Amino acid sequence: MRTWIRSLRPFDAVTVHPIIERTIDLREAERFIRQFHTENPEAGDPSGRLRQVARDVARYGTYTHTAAELEFGARVAWRNSSRCIGRLYWRSLKVRDRRQVSGAEGVALECVEHLREAGGDGKVRPTITVFAQDTPARRGPRVLNEQLIRYAGHRTADGATVGDPRNAELTELARTLGWRGGPGRFDVLPLIIQPGFGAPLLCNLPGDAVLEVAITHPEYRWFADLGLRWHAVPAISGMCLEIGGICYPCAPFNGWYMGAEIGARNLADADRYDQLPVIAERLGLDTSTERSLWRDHALVELNVAVLHSFEAAGVTMTDHHTESRRFLTHLAREEKAGRVCPADWSWIVPPISGGTTPVFHRYYDERELTPAFVHHR
Ligand code: ARG
C-alpha cells in the first residue's frame with residue numbers, strides 16, 4: 001500500500017532554487033573522461049569522446065554520461081568518500097540508472113524499489129539509484145530527507161522531543177505539508193520529494209520497504225523492554241553525486257551498517273536517543289560519579305545488543321574491529337594501484353574503543369577528490 005499526500009499549500013519551508021544559468025565546467029568534464037579511459041583501458045582512446053563532450057557542452061551547456069561512465073563515476077565517488085570506513089567493496093556498488101526519472105511520483109516509486117532491492121530480505125547490498133541530472137534548463141529532483149528512512153522527532157509542548165531529535169525539523173516540515181503521523185519514538189517519516197518544478201510530494205514508505213530490527217541483549221532479558229529498534233538500510237539521500245562537472249542532486253545510496261553507528265551514536269548520543277543513563281540504571285551502575293565508568297559500561301552493552309540483534313535477525317551488519325582491518329586492506333590496495341586514498345581521521349576512527357582499532361594509530365591523506373558525494377549547498 002502506497003499513499004500519496006499531495007501538498008496543497010505553497011511550498012515555503014525550503015528555498016526553491018532558480019533555474020541554473022551556469023554551464024558545466026568543461027575542464028572537469030575532460031578530467032573525468034580521461035580518468036575513465038585511464039582506469040578502463042578497454043574503453044580505448046578518449047579523443048573521440050572528448051570531442052563529443054566539448055561539442056555538447058558548447059551547444060547545450062552540459063553533456064550526458066554513458067551508462068559505463070555513470071557506473072564508474074558513482075563507484076569512484078564512493079572510493080573518494082574520505083569519511084567512509086567501508087570502502088573496501090567500492091567496486092561492487094550496484095548502480096541503478098534512473099536518469100530518465102525526474103517526476104516526484106517516479107522518484108518516490110524508485111526510492112521504494114531501491115530499499116526493497118538493497119536490503120528488503122536482510123541481505124544488504126550496496127546500491128545507488130541515480131535520478132535526472134541538473135541541466136542549465138532544468139534542475140533535477142531532490143529528496144529532502146537526509147536518509148530514505150528517518151524516524152520522526154516530535155517536539156512536545158514542554159520542549160522535549162519524542163523520537164529522533166535529529167529529524168525534528170524534517171518532522172515539522174512533513175507536518176506542514178500534510179503528514180499526520182506519530183507520536184511514537186520510531187515513526188518512519190514520509191519521503192519529501194521536491195521535483196525540479198512544481199509542488200513537493202509526500203510519500204509514505206510501505207512497510208515491506210522498511211526492514212527493522214528490534215534490539216535485544218544476549219544475556220539481559222530486560223533489554224527488550226527498552227523498546228529500541230533500528231532500520232536495516234542506511235540510505236543517504238541528502239547528498240549530490242558530482243561526476244565530471246555534472247551534478248546529480250538526487251542519487252540515494254546505501255551500504256550496510258556498522259554496529260557502532262547505531263549503538264555508539266544514534267541510540268547513545270545525548271542529543272539523539274540518549275539511552276546510556278537508562279541502560280546504566282537497569283544495569284545497577286553507580287551514575288553518581290564519572291569514575292565508575294557507567295557510560296562506558298552501558299555503551300558496551302548497548303553495542304553488544306545491537307550486533308547480537310542484527311545477527312539474530314539475519315540482517316547484514318559489520319563490527320568496528322572487522323571494518324577497521326578491512327579499511328587498512330583497502331588503503332594498501334589503493335596504494336598498490338598507485339592511487340591516493342583520502343581519509344578523514346575524525347570520521348574513520350570508530351566512536352567506541354578507538355584506540356583498540358588499527359585505524360586509530362596513523363594519519364591519512366586529506367585531499368578532496370572527484371567524483372564525489374557532496375552536501376547540497
Ligand atoms: N551514520 C549514519 C546512520 O547511523 C549512516 C551513514 C552511512 N553508513 C553506512 N554504514 N553506510 O544512520
Looking at region 245-265 only, could you name the residues that are buried (at least 24 other Cβ atoms within 10 Å of the Cβ), assigned to a loop (DSSP other than H, G, I, E, B) and either at positive phi or within 11 Å of the ligand (Cβ to nearest atom) (or both)? Gly255
Hey, among the residues in region 155-176 that are more than 14 Å from the ligand (Cβ to nearest atom) and either buried (at least 22 other Cβ atoms within 10 Å of the Cβ) or among the polar types (S, T, N, Q) (or both), which one's farthest from Gly227 (Cα to Cα)? Thr176
May I ask you to list pairs of residues, at least six apart or on different chains, whose Cβ atoms are under 6 Å apart, with the first in region 56-74 being closer than 16 Å to Lys94 by Cα and the second being crowded, with 21+ Cβ neighbours inside 10 Å and hydrophobic (A, V, I, L, M, F, W, C)? Glu69/Phe36; Phe72/Phe36; Gly73/Ile243; Ala74/Ile128
Residue in region 235-243 that is within 14 Å of the ligand (Cβ to nearest atom), surrounded by fewer than 20 Cβ atoms within 10 Å (Cβ to Cβ) and small (Gly, Ala, Ser) present: yes
Per the filter on region 311-363, residues of a type in the set (Gly, Ala, Ser), loosely packed, with under 14 Cβ neighbours inside 10 Å and within 23 Å of His297 (Cβ to Cβ) are Ala312, Gly355
In the set Ala54, Ala29, Ala58, Ala74, the lone residue that is part of a helix (DSSP H, G or I), exposed (fewer than 15 other Cβ atoms within 10 Å of the Cβ), hydrophobic (A, V, I, L, M, F, W, C) and at pLDDT 95 or above is Ala58
I'd like to check which strands (runs of 3 or more DSSP E) are fully inside region 91-186 and have at least 2 residues that are at pLDDT 95 or above and within 28 Å of Gly244 (Cβ to Cβ). 94-97, 127-130
Please give the number of the condition Arg150 fails out of (1) of a type outside the set (Ser, Thr, Tyr); (2) within 15 Å of the ligand (Cβ to nearest atom); (3) farther than 30 Å from Pro351 by Cα. (3)
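The values are calculated or read from the model by the stated rules, or taken from the named source; none is laboratory data. From a predicted model like this one, the values you see are computed outputs, not experimental measurements. Quick reminder, even Gly has a Cβ in these numbers, built from the backbone with ideal geometry, and neighbours come from all protein chains shown.
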